[in-house]
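Data block below; observations after.
The values are calculated or read from the model by the stated rules, or taken from the named source; none is laboratory data. A quick note: this is a predicted structure, and the numbers were derived from the prediction, not measured. No Cβ is skipped: glycine too gets one built from the backbone with ideal geometry, and neighbour counts run over all protein chains shown.
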Amino acid sequence: MSGDLIAIEAIVKRHPLTVRRIVRWAECDPAGVVYAGNFPEYMLSAAHLFRQTVLGARPGQRDFGQSYGTPGKAISMVFLGPLWPGDVFDMEVYVGALRERTSDLLVYAARVDDGSPVFVGRTTSIYVSIDDRKKTIALPDDVRAAFEQYHALTPDVPKLLDQVAR
């Protein structure tokens, strides 16, 4: 095993899209507990992988080659349990509210070893014109259709997500 590469993050399931992550020592404070500021990064990374997978984007492709941008509008999180170096946890991603100009993704994270919850969160994206990033636009039809199709395949949203869903 010496010299083998170990991924710190990987998609392990498609419905719900589940991203498995291994905590690195560098993500922890001197006491060996994951620094709270890393939890939003975990959630946003899972949301990014979700968008790449569900919308068919290639990694690094800006706004999926579309005529719109998707900057973040808001995030909300509730911390439910700690993590330490080497811990493995899964983040399940669900479609939340689809509004006129914004959409939500909901993330439920739980430890792999005992299933205990780690955090729940919501990330909200707003849709803007690629030509004028200050001008909001309606949720694109292709995004709405892809998110609705995904939601139909993953309707059982964990009850804990009620803490962050609106």
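Counting only residues that are in contact (Cβ under 8 Å) with a residue 24 or more places away in the chain and not in a loop (DSSP other than H, G, I, E, B), which one in the range 28-39 is farthest from the chain's Cα centre (by Cα)?
So the residue we want is CYS28.
Please identify the pairs in which a residue from the range 59-78 that is closer than 15 Å to ALA47 by Cα and hydroxyl-bearing (Ser, Thr, Tyr) has its Cβ atom under 8 Å from the Cβ atom of a residue that is surrounded by 13 or more Cβ atoms within 10 Å (Cβ to Cβ) and modelled with pLDDT under 85, counting only partners at least 6 apart or on another chain.
Once the first residue is closer than 15 Å to ALA47 by Cα and hydroxyl-bearing (Ser, Thr, Tyr) and sits in the range 59-78, its partners that are surrounded by 13 or more Cβ atoms within 10 Å (Cβ to Cβ) and modelled with pLDDT under 85 give THR70/ASP63.
Within the range 131-166, restricting attention to residues that are among the aliphatic types (A, V, I, L, M) and not in a helix (DSSP H, G or I), which residue is surrounded by the fewest Cβ atoms within 10 Å (Cβ to Cβ)?
Residue satisfying both the conditions and the ranking: ALA138.
For residues in the range 112-130 being farther than 11 Å from PRO71 by Cα and of a type in the set (Gly, Ala, Ser), which is surrounded by the fewest Cβ atoms within 10 Å (Cβ to Cβ)?
Across the range 112-130, the extreme among qualifying residues is GLY115.
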